[in-house]
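So the structure is just underneath, and the comments pick up after that.
Computed from the coordinates by the stated procedures, all read-outs in this text should not be read as laboratory data. From a predicted model like this one, the values you see are computed outputs, not experimental measurements. Please note: Cβ atoms are built from the backbone with ideal geometry, for glycine as well, and neighbour counts cover all protein chains shown.
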2 protein chains.
Amino acid sequence: MSQVPQISDAEWEVMKVLWSSSPRTANEVVEALEAHTDWNPKTIRTLLSRLVQKQAISYSQEGKVYAYFPVVSEDECVKSETASFLKRIYGGAFKPLLVNFLKEEKLSPEDIKELKVILDDKSKE
Amino acid sequence: MSQVPQISDAEWEVMKVLWSSSPRTANEVVEALEAHTDWNPKTIRTLLSRLVQKQAISYSQEGKVYAYFPVVSEDECVKSETASFLKRIYGGAFKPLLVNFLKEEKLSPEDIKELKVILDDKSKE
DNA sequence: ATTGATTGATTACATATGTAATACTTTATT
DNA sequence: AATAAAGTATTACATATGTAATCAATCAAT
């Protein structure tokens, strides 16, 4: 059973808003998204509806309006998306992605230090 | 200009076949995919056509049939897909993905060693 | 109470994708 | 040469997605 529903790109933006803080009314979501998108409020309401249908979020009647909140955790979704991404692109293996991208990406010395600490911790498990 | 076209999940499987060895005729692609998919040959031909339209692949008349080959490199595509994945899920930052997944994934001691070596090399740059 | 504004529900429409079937051409076979 | 087989091109159709508009219900203001 696939715990988490398929969440599209646009829907994902809405989820991020709700994950960062919820419950929020449709208007609050619209406001939050105005900053970095130019979506019509109608569009955002459509996305909210679709996410409700998909049972990615839900809502409660707060006073006169709906207040939306996630029912799937960011963690679950990130994990699931990453897994399907890895499967698709790298045949499911995590290390090739790491190797590939560690080489490509610009990481600050601090980042590198942090990652090494994590790796050290893992060796001790 | 987005160098690489959008390649869907199903199309990606076809690309992988052609990246692994090309040119190949439609039939050869079908054969290669029979192993791990149950797609109808007609479906695979549709995917080939769409990839031609998208200019992800091209073909030449080899004898009596077409021989398909990629015109976009796997590297480009992987890079582009990974970038859009990162943007979507992690807001474009690579490190959070790393941190998240280094914690989650089971990596062998050898893997960890290898990754540390890469990180060490990077510190020296 | 009626009217206008706001919110929520329903409908719309184009493009993408999964998944083929059908039609048309060219090659091979009798 | 006529027909069958194989390959290519065109068409099909449902679901997903981006992107709203319109309709209906509710709340607020006169």
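Numbers below:
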item	result
Chain B: calculated mean residue ellipticity at 222 nm from DSSP helix runs of at least 4, using -39500 (n - 2.57)	-20000 deg cm²/dmol
Estimated vicinal HN-Hα couplings, Hz - the stretch B:5-21 in sequence order (Karplus 6.51, -1.76, 1.60; Gly, Pro = x)	x, 5, 10, 6, 3, 5, 4, 4, 4, 5, 4, 4, 4, 6, 5, 6, 5
Shape of the protein assembly as shown, Cα gyration tensor, a/c cut at 1.5	oblate
Calculated FRET value between A:Tyr66 and B:Glu34, using beta carbons and R₀ = 41 Å, to 0.05	0.25
Length released on extending from B:Ser73 to B:Ser58, taking residue separation times 0.36 nm less the Cα-Cα span	4.2 nm
Other protein chain Cβ atoms within 10 Å, averaged over every residue that makes up A:100-111	5
Debye, to nearest 20: dipole size of chain B, +1 on Lys, Arg Cβ, -1 on Asp, Glu Cβ	420
Inter-probe distance in nm under a simple model that places probes 7 Å from Cα toward Cβ, at B:Arg45 and B:Asp120	5.6
Highest average packing first - B:104-110, B:60-66, B:43-49, Cβ atoms within 10 Å	B:43-49, B:104-110, B:60-66
